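Trainee: I'd like to ask you about the structure that follows.
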Amino acid sequence: MSRPFINRLGLPFRPVPGTGCRLAVWPVRVRDFAVFVEATGHNGEGGMLTLGPDDHDWLPKGKTWRDPGFPQGDDHPVVGVNYHDAQAFCRWLTRTERAAGLIRAPLRYRLPSDREWSAAIGLGRERGGTPEARLHHSDGRYPWGPDWPPPAGFGNYAGAESKAGMPSWWGVVPGGYADLFPRTSPVGSFPANSLGFFDMSGNVWEWCLDAYSRGLARVTRGASWGSDRPAYLRSAQRNPLFPKTRNDELGFRLALAPR
């Protein structure tokens with residue numbers, strides 16, 4: 001495997017076969033987003049949805065990416081960021097690294113496309129002209145293979161540990177699955193996939209560039225620490241969300257590409 005490109009934030013990037021882009025090996029961390037906010041004054045707060053022990057649904061209760069309602073360290077993936085926050089981060093990092101001579105036009109940072117994300121998780125070429133259509137054509141495989149539930153220690157999902165601080169109706173992965181992290185885990189805590197990418201399954205849902213279909217919703221991929229159902233953990237799963245959505249399971253990953 002070739003040596004990754006490492007940017008000024010310490011984020012390593014590896015090529016995604018067949019796409020012409022490089023993808024960060026893990027999601028954007030709390031430390032990375034904090035540098036961006038400090039440099040730009042970007043207001044990435046307001047309307048973040050969280051869930052507590054007495055709630056029947058995710059609600060806006062004043063939490064933010066700085067304090068999502070559970071402990072996070074600098075190396076945890078940032079949560080509570082919407083599509084616009086992620087886009088602003090990409091534009092800032094592109095300007096900053098071009099000015100420093102670390103990358104040259106036309107290279108730029110952006111969110112991965114839906115097809116690039118699929119290639120990075122190992123799906124290859126999928127049928128369908130939209131992410132919604134590609135989901136409907138998918139074969140139902142999981143990142144670990146054809147069988148359910150996931151093998152022990154595969155990723156950060158809603159195992160038994162995630163019930164702490166959650167309402168009584170909270171569901172967990174069956175079969176006694178558990179991991180060490182009730183909420184987010186530091187990036188890279190679980191094994192990388194065959195292409196060298198970490199956290200492609202679990203930890204946080206990740207924004208992609210694409211519209212889900214013809215509506216306003218954008219694509220998120222990869223499941224999270226709160227995912228317990230087979231449908232959510234399929235490699236091809238797309239979770240459509242409105243671009244203004246901020247919640248405690250949602251982050252993003254960077255692509256580096258010439259377009």
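Rule-based calculations on the coordinates, nothing more; no lab input. Model, not experiment: these values are computed from the prediction. For neighbour counting, all protein chains shown are included, and Cβ atoms are generated from backbone atoms with ideal geometry for every residue, glycine included.
Trainee: Among the residues of the stretch 200-227, which ones are buried (at least 23 other Cβ atoms within 10 Å of the Cβ), in contact with a Leu (Cβ under 7 Å, 6 or more places away or on another chain), on the phi < 0 side of the Ramachandran plot and part of a loop (DSSP other than H, G, I, E, B)?
Mentor: Within the stretch 200-227, SER201, VAL204, SER227 qualify.
Trainee: Of the residues GLY140, GLY129, which is in a loop (DSSP other than H, G, I, E, B) and without any contact (Cβ under 8 Å) to a residue 40 or more places away in the chain?
Mentor: Result of the check over GLY140, GLY129: GLY129.
Trainee: Which one of the conditions (1) closer than 21 Å to ALA231 by Cβ; (2) surrounded by 13 or more Cβ atoms within 10 Å (Cβ to Cβ) does GLY145 fail to meet, given that it meets all the rest?
Mentor: It fails just one condition, (2).
Trainee: Of all residues in the stretch 143-166, how many are part of a helix (DSSP H, G or I) and of a type in the set (Ser, Thr, Tyr)?
Mentor: Total satisfying the criteria: 1.
Trainee: Checking the condition farther than 12 Å from LEU254 by Cβ and touching a helix residue (DSSP H, G or I) at 6+ places or on another chain (Cβ under 8 Å), which residue from HIS42, HIS56 passes?
Mentor: Going through HIS42, HIS56 in turn, just one is farther than 12 Å from LEU254 by Cβ and touching a helix residue (DSSP H, G or I) at 6+ places or on another chain (Cβ under 8 Å): HIS42.
Trainee: A further question follows. Just checking, does the stretch 176-186 include any residue being surrounded by fewer than 24 Cβ atoms within 10 Å (Cβ to Cβ), polar (S, T, N, Q) and more than 30 Å from ALA105 (Cα to Cα)?
Mentor: For the stretch 176-186, residues surrounded by fewer than 24 Cβ atoms within 10 Å (Cβ to Cβ), polar (S, T, N, Q) and more than 30 Å from ALA105 (Cα to Cα): present.
Trainee: Can you tell me which residue within the stretch 228-259, out of those that are assigned to a helix (DSSP H, G or I) and within 15 Å of the chain's Cα centre (by Cα), is surrounded by the most Cβ atoms within 10 Å (Cβ to Cβ)?
Mentor: Selected residue: LEU233.
Trainee: Now a separate question. Is it the case that some residue within the stretch 64-78 is surrounded by 13 or more Cβ atoms within 10 Å (Cβ to Cβ), polar (S, T, N, Q) and more than 17 Å from GLU206 (Cβ to Cβ)?
Mentor: yes
Trainee: Among the residues in the stretch 103-124, are any surrounded by fewer than 19 Cβ atoms within 10 Å (Cβ to Cβ), among the aromatic types (Phe, Trp, Tyr) and either farther than 28 Å from PRO191 by Cα or in contact with a Cys (Cβ under 7 Å, 6 or more places away or on another chain) (or both)?
Mentor: No, the stretch 103-124 has no match at all.
Trainee: Residue check, GLY196 against (1) outside any loop (DSSP other than H, G, I, E, B); (2) farther than 30 Å from ASN43 by Cα, all met but one. Which one?
Mentor: So the condition that GLY196 fails would be (1).
Trainee: Right, something else. Just checking, which of GLY80, GLY52 is in contact (Cβ under 8 Å) with a residue 24 or more places away in the chain, within 30 Å of LYS163 (Cα to Cα), in contact with a Phe, Trp or Tyr (Cβ under 6 Å, 6 or more places away or on another chain) and of a type in the set (Gly, Ala, Ser)?
Mentor: GLY80
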